[in-house]
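Worksheet: the structure to be examined is printed underneath.
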Amino acid sequence: MALYLVRHGQTDWNREKRFQSTTDVPLNETGLAQAWEIRSELLKRGVVFTLARSSPLSRAVDTARIILQDTDTPYAPEPGFMEVSLGDFEGRLEEDLLRELGPAYDEWRDTQYTVAPPGGESIIDAAERVRPFLEPLREAATGGHVLIVAHQAVNMAIKVALSGKNDVASAAKFRQDNNEVDVWAMESGSRLEMWKVNVG
């Protein structure tokens, strides 16, 4: 039995490479299609969830609701799984930040969120924040499958919390596209598999 970590489907800000952080940006048509494809793949695999949680932001809530449609899985948004704050970078285009900050921006990107942006939060900080909200899910994950739908950086923080690994190389492997599903054993804190769906 396992924890299924899903990143929400694509938004227009994802497509533009604009940092969303805690801004509530809705799914676009591609994102909706990705959520439906993930649901279809989970059905093909016979995955049934005993419990589900998501970030409270609409792009994660809508992805979770699509995945769970026509099921009786207990589900609730969990504010503890809110996306990592990106501080001064929130709402900014990556190309604009690179033009303004030059090599300093690339150096920060190379830290894979293990270093906080100005005024923001690192995934190492966020790992401590999410830990209390993961603990109640452990028992459910030993007796069945658990779903969490959240965001790029906070999903990385969840993986830091599960694995105990917070180095840059590990963090790079924890990154996740909008069409990828990451499957983890909660007790051992190890990845079982990662798979993706194709849309369009």
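Rule-based calculations on the coordinates, nothing more; no lab input. Small disclaimer: the values here were computed from a predicted structure and weren't measured. A quick note on method: Cβ atoms are made from the backbone with ideal geometry, for glycine too, and the neighbour counts reach across all protein chains shown.
Go through (1) β-branched (Val, Ile, Thr); (2) closer than 19 Å to Ala2 by Cα; (3) part of a loop (DSSP other than H, G, I, E, B) and name the single condition Val115 misses.
(2)
Scan segment 77-107 for residues that are within 18 Å of the chain's Cα centre (by Cα) and surrounded by fewer than 12 Cβ atoms within 10 Å (Cβ to Cβ) and jot them down.
Within segment 77-107, Pro79 is the sole residue that qualifies.
So, in segment 118-135, how many residues would count as being part of a loop (DSSP other than H, G, I, E, B) and in contact with a Phe, Trp or Tyr (Cβ under 8 Å, 6 or more places away or on another chain)?
Counting residues in segment 118-135 that are part of a loop (DSSP other than H, G, I, E, B) and in contact with a Phe, Trp or Tyr (Cβ under 8 Å, 6 or more places away or on another chain) gives 3.
Exactly one condition in (1) within 26 Å of Asp62 (Cβ to Cβ); (2) touching a residue at least 60 places away in the same chain (Cβ under 8 Å); (3) surrounded by fewer than 22 Cβ atoms within 10 Å (Cβ to Cβ) is not met by Gly143; state its number.
So Gly143 meets the others, but not (1).
Return a yes/no flag: does segment 85-99 have any residue that is over 16 Å from Thr23 (Cβ atoms) and among the hydrophobic types (A, V, I, L, M, F, W, C).
So far as segment 85-99 goes, yes, one or more of its residues are over 16 Å from Thr23 (Cβ atoms) and among the hydrophobic types (A, V, I, L, M, F, W, C).
Identify, please: which residue in segment 31-76 is in contact with an Asp or Glu (Cβ under 9 Å, 6 or more places away or on another chain) and under 21 Å from Ala126 (Cα atoms) and is, among those, surrounded by the fewest Cβ atoms within 10 Å (Cβ to Cβ)?
The extreme case among them is Ser58.
State which residue pairs qualify: first residue within 18 Å of Arg175 (Cα to Cα) and inside segment 88-115, second residue β-branched (Val, Ile, Thr) and loosely packed, with under 14 Cβ neighbours inside 10 Å in any location, beta carbons under 8 Å apart, and separation of 6 or more residues or different chains.
Taking only residues 6 or more apart or on different chains, the pairs are Asp110/Val168; Thr111/Val168; Gln112/Val168; Thr114/Val168.
From the list Ala157, Ala161, pick out the single residue that is of a type in the set (Gly, Ala, Ser) and touching a Lys or Arg at 6+ places or on another chain (Cβ under 6 Å).
Checking each option against the conditions leaves just Ala161.
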